[in-house]
Every structure is written in structure tokens, then in C-alpha cells.
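Notes to accompany the following structure.
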Amino acid sequence: MIDKTRAAALHPAAKIHADDFSAGKISRREFLTRTTAMGVSAAAAYGLIGLPTPANAEAHVKVGGIIRVGMEVKGTKDPRLADWPHISNVYRGWLEYLIQYNADGTFEGRLLESWEANADATQYTLKVRPGVTWNNGEPFTADDVVRNFARWTDGNVEGNAMASRFPGLVDEATKTLREGAVVKVDESTVQLNLTSSDVAVVPNLADYPSAVVHSSFVDGDDPALNPIGTGPYVPQEVSVGQKAILVRAPNHTWWGGTAPLDEIQYIDFGTDPSTMVNLAASDEIDANYETTGDFIEQMDTLGWKKLEVVTAATIVVRMNSATSELYKEKAVRQAIQKAVDLSVVLELGYNGLGVTAENHHASPIHPEYAKIPDQVVDPAGLQPALEAAGIADTELEVISLDDGWEAATTAAVVAQLKDAGANVKHTVMPGSTFWNDWQKYPFSSTTWNHRPLAVQNMSLAYTSTGSWNETGMANPEFDAAMVRALALADADARRNEMVTLETILQDEGYIIQPFWRSLFAHVKEGFNVERHPSNEHQHYKWSVA
Amino acid sequence: MLIFIARRLGIMLLTAFVLTFVVFFLTNLPPNLEKLARSEGSVRMSDESVTAWIEQNGHGGSVLTRYGQWLGMVPGWVLTDEKGVTRGRCIAQRQDPAEASRFCGILQGDWGNSTFFKKAVLPSLGEKLGATGWLMLWVMIVMVPTALVIGVVSGMREGTRTDRALSTFSIASTATPEYVSGVILVALFASPVTGLSPILAEWGWIDGKTLFLGAASPDKITFWSFTLPVLTIALYGIGYIARMTRASMTEVMTAQYIRTARLKGVSFGQVVIRHALRNALIAPFTVIMLQFPWLLNGVVIVETLFNYKGFGWTLVQAAGNNDINLLLGCSVVAVFVVLVTQLISDIGYVFLNPRIRIS
């Protein structure tokens, strides 16, 4: 299946990775993530390591059928403002992405046919897929790509989740797209000229807020109002808190062929998972968005298929030195961090459904992960450290969501701190109020979604300028190492910087990051649904048997 | 009579006015506006963005002015942003600002837009009230006859075994709040892992996994999905109304004219039906009418528990998301329902009891 002309143009690092794979230095998943991120097609990547591309099941799939999925329907909003994967799963029906992150860790061009990065990741050449049309009949062109980059990089829009993703394309003065940063070379080629190297361009283009919208889309509008997109479906109804229905786009030839399902219905059941089990038992839904904690067993009892995917999704119980005097001192933070046995938290908080982490927010499944020496759990060290700081009698308050594994995990952390002699209390809040101040709580737990590269989460959360920095951490060495790491397209080279990053982050003691979650979902027999590590619903892959 | 009704309507308007102002004031407290900004804009907005959002979406300025705008006595806000786009309270999406009216409040019949539903408040509320109407109707159909029969039967022979048994049942059911009885009913009848359902499924008596459904939808009202929510609300009311009926019945049964009728040789059944019942039902009638406002309250819990998207569920969502217009709409509706049922109750009383004259 390898196209000779394409193989000749392979990124030089791809060969190195292939050798690493043969030598057993990296896993298949890591190999695929790294090479496809550099623009090697999935087929070519599989070919490099002598494996056949997984058989495309579409040929045998039955066309037709309806699936009902239990998921919170949060309505739709301007994709770049989307703050939940749930929102994107609805507009994903008609809005597509330039690049897609697949459940097996590969990147696949969707609206792009291919892309290439130069050796130091400062220039990307994007090839627009020919033959793609919008569902109003207009062709999809390089102009659409350029226009969407301008939308994404607009830092003046409040809550634009994409704004901080492409620092190399932005004019810092105007906080908008820099002149000459995104160039239309010809009708089907776009070139990105970055001011500094950035390895996260490809994963960022595949993240859920980066859906590509039509030129008629009014910024800030609800995309469901005038659903012009390139995808196979259109929304028939989007009722917030109730349901969303996607049906085949009429009079539209989708470039990808025929998506098997006729209709996808999302049924909202609120936030209580036991209602979801009730709906499943009474045959009101065929699949769910996610199954958590104790409900996994209940759904198994119903005779549904369990779908599992190991991810880099996690929870971080973190202190904030910017909003609280208590955690200004590193020794205090370190003592608190070391007083917690992470494996106990995994067991109590998440029923052991995951892998223990190492308090540095880089997962073994990230391609650039580096192993650093294990930490020693030291509950006995907590009391002296608190006394030394003069806060031994101060009550520490740990805030979390009021329900589910988030609360259980936080409770497990609090209990261990209490056992170690700290005066600590656990405060819970409902989701509707918790997220209002999530960055500012002195000590609280935050869930983090899976991201393909470790540097993505780290640069968002722990650099002094990170837009989702919730710890107040501002370490110049860390910032500098991050700048260097983001310049290295090659994950192996980046690993040296990762040692620095992981060590500093762990040593700063801000975060207790207990485990990596395995994510689960359930589906009724007879339906083919894929569990995606980032909770993406790639509808065209679904079918009814 | 007309003066009485007019006075009642006046009180209703006044109550609605005061209540909506209180709700408006509470939903417009700064932290609540911040919450709204975050849910409307983005959860991860910075503080400056939140302040800007509040200003740019007409939530700045004094509470009184904004309440006036909602009422329609103060012109709606209009704002032109730096990009030259003019938006405002009365300007619909893509509408030319010049064509929009100056006032658009409840006095002009404009209930505003719900930020949660992303739709106009009035049609959303209408639809949800309809859904709750069905639920209430079935609750009444189940609750009223059951409660009256229990009350009359236990009240006509005070102190007998039947009376004691029925009274115990009534007290137990009225002492159990919905959030307890609902959970117990779901665990007993609608869970695939506990209660009766797994046993029945094993015996092959039921086709599905559960006997009744633990979730209901207004789109598809069936016996299997409606039994548990209706029963949950009705159980509480049954006990309460039955106790009232019993009290009233025992009082009537000791009256002189009942004894006279018995001494004249009228059969017991005849005495109960022809002589006692009408007088005994006056008190329960008021109680039943009082149940309507209370039902609005009860549906909040039951609709949330059974994921039934009606008025109670809407109220919870509106409060949870600080949806100002929707909450105000809910308040007006609640005031209306409470006072109208009170009015009907007072008027009905006159017909049942000729000794009472209104005005």
C-alpha cells in the first residue's frame, strides 16, 4: 500500500523511529503517534514497520440504522469557544477537522490530504484534500484553511480556546494572525511559517475546538443555526439538556463516501450516572458517553459490551501559591505531595481502573515520556514541615466536585493527609458552581483530558504564561526548558528536556497527580462504536451490525 | 363576587411583582452573573473577560434599571462594540438595530430569551408546563380517589381495625418525602440489579431488564414509564388528603343529624353516602386545591429523579445555570398557579357550603 513517491518524501526522522521500533525502543503506538505527527500517512507509517494497515471495516458495514447515545447535551457554540468534548461531539456531525487523532494514537488527514514539517518544526506545508465540498455545494479550498487559522489565532475573543495554541503564528501586538504566518501557496496548498518551532501544531489541529467552519459562519454564533459544514450529517434538533439529533445531510455528497448510520441521537440524562444505568436498562439508549467507577460493573451486569481505552487523562489535586499564602513555601508543598501514597489513591478513588502516575503529568503513553527516579512516600515528613512553616494548626481546605470518582479521589488524598497529621478538611461543590473558580481555589482537584503529547498539557498548565495555569507555578527554568522542548520535532531529542521538565514539576511539589485513567464506555450488543481516548465521537466509524 | 375576584387578581399581580423582583435581585448578584458569563462564554475565561462579558451583554448598571428593562418600563440596552456590531436586548440576531423596538419587557409580552435553552422563554415554558400538566393530571387521577376512599372508609367507623390499618398507612406514606420514596421505588422496581426486577427477569415474567422504567420522557408516556413518578408524588398526597378526609369524616359521623338518621332506621351505607359524605368533603376539597401549588414543588424532585423534562426540571436547570429570564418566567407561572388554584378553591367552597358568602 505504500506509494513510492510519498515514501521518498518521508520525514527524515520517520526512518529513525522505524529503527527504534524494530529495536524495541518504542511501542507501536508511540511509533505511530510520532511519525504521523510529522506528516507520514498512517498507511505509510504502518508500512515502515512492516505491518499491514488495519483492515478498513467499512466495506463490510451495513448502511442504515439509528443509534441513541446517552450524553449530556450542552448545546452547541462557536467551536473555538467549546469547553467540553460533549459540545464538539454534536457539531462534529457537520463540522470536520483538518487533522484527526485516531483512537490508536495516529494522526490522520481529514480535510488535509497530507502535511509535512521541516526538520526543526518551524514550517508546515498543508495539502488540502481535493474533492471536498461544503454541504451547500461550495468546494473546500485553501482559502477556508487560511480563514480558519485567522479565527483560531484571534486572542481578542474572550474564551477562545485555540488562541494560545499557535504562538508561532500570532502577532503579539495585535493578538491576531501575523502577516505572512499562514500563506496560501496555491488553491490546494497552505504554508505555516512559525516564528519558533512548535511540535504541537498537528495535535492542536486535531483537538476538539479546532473544527473548521464555513465562510458564512458568524463568529460567536451557534453553529447549529446555519449548519453549513463538510461532514456527512446535519443537526435536526439540538435541545440543550434534552437531546440532539443528527441526520444525513440532504443533497450532500460527503467526500468520505457513505457514513453507515442514518441518524445519531444524543439523549441527555443529567449528571447522575445512575439515571444513565436506568435508561440503559429500560432500552432508552444504545451506548453511553462514558461509564465511571461503580457503574462499570452495573453496566456489565446488563450484558453490554465494555469498551476500554488507556489514556493520559488524569486528575490533578493541586495547590495554588498565587491565591493562597499557605502554599507559597516549596517545602510545605513537597511535604504534602510526599505524604500521599498514589497507589492508595488509585485504589480508593478509581477502583484501580488505571495506572499509577508520578506527580509530573507526563504519561508513559506519551511519545516523549522519560523515566525519572521514583519518589519516596513520606507521611512522617508532613508534620515537621507544617510546623517549620508555622501552619501546623491552620486548617487546610481541599475543594472538589461533589460526586463520582473526582470526589472519591480527593477524599483519598485528604484522608492520607489527615493520617499524616495535617488539619485538613474536604469541601465539595456541585459542578455548576465548582468550575466558576477552578483556577483560583487554594487547594483543589481538576480533571485533565487526554492529550497526545506530554508537552501540550505541561505548557498549558505549568508554564508561567500557560492559559490554564492553576497552580501559580512560575519557574523560569521550567519555562526555558519548555521553550526548548517545543522546538524539537523529534520526540527522542525532546526526551532530554522532558527529564528537566518532569523533575522540576515534581520537585516544585504543586501537584499530587495520582493516576492515569483508563476510560470506559458501554454499548449494547449489535452496535459498533469506538471508545476514543479524548472522548471524540467519530460518527462515520460507527455502525449497526 | 366580582370584587372578590378582582381583589384576588390584584393580589396576584402584586405578589408576582414582588417575587420577580426578589428573584431578579438574587440572580443578578455579582457571583451569579459571573457564573452566567462563564457558562455562556467559556468555562476557562479570564476574570477580565468575565467582567467585559457582563458589561457587553447588558448585565451592567443598576439592578433597578435592568429590572425595569425586563418589565418593559425602561428602554432595553443597546451596545455597539469596537467592531461596529450593534447588539441589544430588543435586537434579534441579524435584525437591523434601527427596526428593533425600544421597549421589550414582559409588559410588551416579551418574556426574553433563555440562556440555557437558547430559545425564547415563553414557548419553552409552555412546552414544559404541558409535560408537567400530564404528570399532574395522572397524579390527581390516582391520588384523589384513592385518598378519599381511604379517608372515608377509615373515618366512618373510627377506631376499628380497618381504621387503624389505613391510618397507619396514611401516616407512613405522608411521612415519607418524595426523595426517599422515589429512591426506594426505583430500587425496588426499576433497577436491573436490585429489588424485584432481577428476580422477575430470572423467572421469565418480564421481557426487559426491569419491571418499571426508572426514567420518563414527555415524548413517550406509557404505563411502564409513568407508574413510578406518578406513584412517588401521589403517595405523599394520598396520606395527607386521607388524614384530612378521615378527620372531617369522623367529625361528621358524630354529629346529631347522623345519629338521628341512624335512629330513624336508615341503613349505614345510606347514611354515609347521602348524609355524611357531602359535609365531610368540604375540608378535603380545600386540601386538594392546596395540593396544586404543592405539586409544583413535588415535581421538582420527581422530575429530576426520573429525568422527566417538565416544569420542575426546568426550574432546577434555570436555577443551576442562573438563567435569569427563565427563572423569572418560572416565578410568574408559579405565582399564577398558586393564586388561581386558591381562587378556585375559595369559589368552590361557596358552592359546597351555602353558609359561606364571599364579599
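Here, each number is a calculation from the coordinates, and none is a lab measurement. Because the structure is predicted, anything quoted here is derived from the model rather than measured. No Cβ is skipped: glycine too gets one built from the backbone with ideal geometry, and neighbour counts run over all protein chains shown.
For the stretch A:227-273, a residue qualifies if it is in a loop (DSSP other than H, G, I, E, B), small (Gly, Ala, Ser) and either surrounded by fewer than 21 Cβ atoms within 10 Å (Cβ to Cβ) or in contact with an Asp or Glu (Cβ under 8 Å, 6 or more places away or on another chain) (or both), and the qualifying residues are A:229, A:231, A:241, A:256, A:257, A:270. Residues in the stretch B:66-84 that are surrounded by fewer than 15 Cβ atoms within 10 Å (Cβ to Cβ) and either more than 14 Å from chain A (Cβ to nearest Cβ) or within 19 Å of residue B:323 (Cβ to Cβ) (or both): B:73, B:80. Restricting the search to the stretch B:167-185, which residues are within 13 Å of residue B:243 (Cβ to Cβ), touching a residue at least 40 places away in the same chain (Cβ under 8 Å) and surrounded by fewer than 20 Cβ atoms within 10 Å (Cβ to Cβ)? Within the stretch B:167-185, B:169, B:171, B:172, B:174, B:175 meet the criteria. Here residue B:123 meets each of (1) out of contact with any helix residue (DSSP H, G or I) (no Cβ under 8 Å at 6 or more places or on another chain); (2) not in a helix (DSSP H, G or I) with one exception, condition (2).
Return yes or no: is residue A:161 hydrophobic (A, V, I, L, M, F, W, C), within 14 Å of another protein chain (Cβ to nearest Cβ) and within 27 Å of residue A:497 (Cβ to Cβ)? Even if it seems obvious, please write down each step before you answer.
Numbers: hydrophobic (A, V, I, L, M, F, W, C): yes; within 14 Å of another protein chain (Cβ to nearest Cβ): yes; within 27 Å of residue A:497 (Cβ to Cβ): yes.
Spelling it out, residue A:161 is indeed hydrophobic (A, V, I, L, M, F, W, C), within 14 Å of another protein chain (Cβ to nearest Cβ) and within 27 Å of residue A:497 (Cβ to Cβ).
Identify the residue in the stretch B:186-197 that is of a type outside the set (Gly, Ala, Ser), more than 15 Å from residue B:303 (Cα to Cα) and crowded, with 16+ Cβ neighbours inside 10 Å and, among all such residues, is nearest to the other protein chains (Cβ to nearest Cβ). Checking each candidate, the answer is B:192. Among the numbered conditions (1) touching a residue at least 12 places away in the same chain (Cβ under 8 Å); (2) part of a loop (DSSP other than H, G, I, E, B); (3) touching a strand residue (DSSP E or B) at 6+ places or on another chain (Cβ under 9 Å), the only one that residue A:108 does not meet is (2).
Hey, can you tell me all the residues within the stretch A:475-494 that are among the small types (Gly, Ala, Ser), surrounded by 19 or more Cβ atoms within 10 Å (Cβ to Cβ) and more than 27 Å from residue A:32 (Cβ to Cβ)? If the condition is that a residue be among the small types (Gly, Ala, Ser), surrounded by 19 or more Cβ atoms within 10 Å (Cβ to Cβ) and more than 27 Å from residue A:32 (Cβ to Cβ), then no residue fits.
Just one residue in the set A:129, A:165 is within 15 Å of residue A:96 (Cβ to Cβ) and in contact (Cβ under 8 Å) with a residue 40 or more places away in the chain; that residue is A:129. Please work out which residue is nearest to the other protein chains (Cβ to nearest Cβ), limiting yourself to the stretch A:303-322 and to residues that are aliphatic (A, V, I, L, M) and closer than 30 Å to residue A:336 by Cα. Filtering first and then ranking leaves A:322.
If you filter the stretch A:448-474 down to residues that are in contact with a helix residue (DSSP H, G or I) (Cβ under 7 Å, 6 or more places away or on another chain) and within 12 Å of chain B (Cβ to nearest Cβ), you find that the one that is surrounded by the most Cβ atoms within 10 Å (Cβ to Cβ) is A:470.
Only one entry of A:165, A:147, A:178 meets the criterion of being at negative phi, among the basic types (Lys, Arg) and under 22 Å from the mean Cα position of the chain (by Cα), and that entry is A:165. Out of A:387, A:406, one residue alone is assigned to a helix (DSSP H, G or I) and under 28 Å from the mean Cα position of the chain (by Cα). It is A:406. Does residue A:464 qualify as being small (Gly, Ala, Ser) and closer than 20 Å to residue A:327 by Cβ? Here the answer is yes, as residue A:464 does meet what is asked. Quick check: is even one residue across the stretch A:149-160 assigned to a loop (DSSP other than H, G, I, E, B), farther than 30 Å from residue A:287 by Cα, touching a Lys or Arg at 6+ places or on another chain (Cβ under 7 Å) and among the polar types (S, T, N, Q)? Within the stretch A:149-160, one or more residues are assigned to a loop (DSSP other than H, G, I, E, B), farther than 30 Å from residue A:287 by Cα, touching a Lys or Arg at 6+ places or on another chain (Cβ under 7 Å) and among the polar types (S, T, N, Q). A single member of A:286, A:300 is farther than 25 Å from residue A:451 by Cα, away from every other protein chain (no Cβ under 12 Å) and out of contact with any Gly (no Cβ under 6 Å at 6 or more places or on another chain), and it is A:286. Among the residues of the stretch B:15-65, those that are out of contact with any Leu (no Cβ under 7 Å at 6 or more places or on another chain), among the hydrophobic types (A, V, I, L, M, F, W, C) and more than 12 Å from chain A (Cβ to nearest Cβ) comprise B:16, B:17, B:18, B:19, B:21, B:22, B:25, B:26, B:29, B:63, B:64. Of the residues examined, residue A:391 is not one that is under 30 Å from residue B:36 (Cα atoms) and of a type in the set (Val, Ile, Thr).
For the stretch A:76-99, a residue qualifies if it is assigned to a loop (DSSP other than H, G, I, E, B) and surrounded by 21 or more Cβ atoms within 10 Å (Cβ to Cβ), and the qualifying residues are A:76, A:77, A:78, A:82, A:83, A:92, A:93, A:94, A:95, A:96, A:97, A:98. Residues that are surrounded by fewer than 18 Cβ atoms within 10 Å (Cβ to Cβ), within 13 Å of chain A (Cβ to nearest Cβ) and under 24 Å from residue B:330 (Cα atoms): does the stretch B:91-99 have at least one? Yes, the stretch B:91-99 has at least one match.
Residue B:170 - would you say it is within 14 Å of chain A (Cβ to nearest Cβ) and among the hydroxyl-bearing types (Ser, Thr, Tyr)? So residue B:170 fails the test.
Could you identify the single residue in A:207, A:154, A:198, A:219 that is of a type in the set (D, E, K, R), over 15 Å from residue A:94 (Cα atoms) and away from chain B (no Cβ under 14 Å)?
Values: A:207 fails: away from chain B (no Cβ under 14 Å); A:154 fails: away from chain B (no Cβ under 14 Å); A:219 fails: away from chain B (no Cβ under 14 Å).
It is A:198.
Just a yes or no: is a residue in the stretch B:138-161 part of a helix (DSSP H, G or I), in contact with a helix residue (DSSP H, G or I) (Cβ under 9 Å, 6 or more places away or on another chain), within 14 Å of chain A (Cβ to nearest Cβ) and not basic (Lys, Arg)? Please lay out each step first, then the result.
Initially, the stretch B:138-161 is screened for residues part of a helix (DSSP H, G or I), giving B:138-156, B:161.
Add one more test, that the residue is in contact with a helix residue (DSSP H, G or I) (Cβ under 9 Å, 6 or more places away or on another chain), and what stays is B:138-144, B:146-156.
Among the residues that remain, those that are also within 14 Å of chain A (Cβ to nearest Cβ) are: none.
No, every residue in the stretch B:138-161 fails to be part of a helix (DSSP H, G or I), in contact with a helix residue (DSSP H, G or I) (Cβ under 9 Å, 6 or more places away or on another chain), within 14 Å of chain A (Cβ to nearest Cβ) and not basic (Lys, Arg).
When the stretch A:233-283 is limited to residues that are in contact with a Ser or Thr (Cβ under 8 Å, 6 or more places away or on another chain) and away from chain B (no Cβ under 14 Å), the one that is nearest to residue A:129 (Cα to Cα) turns out to be A:255. If only residues of the stretch A:305-317 that are surrounded by 21 or more Cβ atoms within 10 Å (Cβ to Cβ) and either without any contact (Cβ under 8 Å) to a residue 24 or more places away in the chain or farther than 11 Å from residue A:354 by Cβ (or both) are counted, the one that is farthest from the chain's Cα centre (by Cα) is A:317.
So, in the stretch B:212-221, exactly how many residues are within 10 Å of chain A (Cβ to nearest Cβ) and within 20 Å of residue B:130 (Cβ to Cβ)?
6
Which of the numbered conditions does residue A:474 fail, given that it passes all the others? Conditions: (1) out of contact with any strand residue (DSSP E or B) (no Cβ under 6 Å at 6 or more places or on another chain); (2) part of a loop (DSSP other than H, G, I, E, B); (3) more than 30 Å from residue A:367 (Cβ to Cβ). All conditions pass for residue A:474, except number (3).
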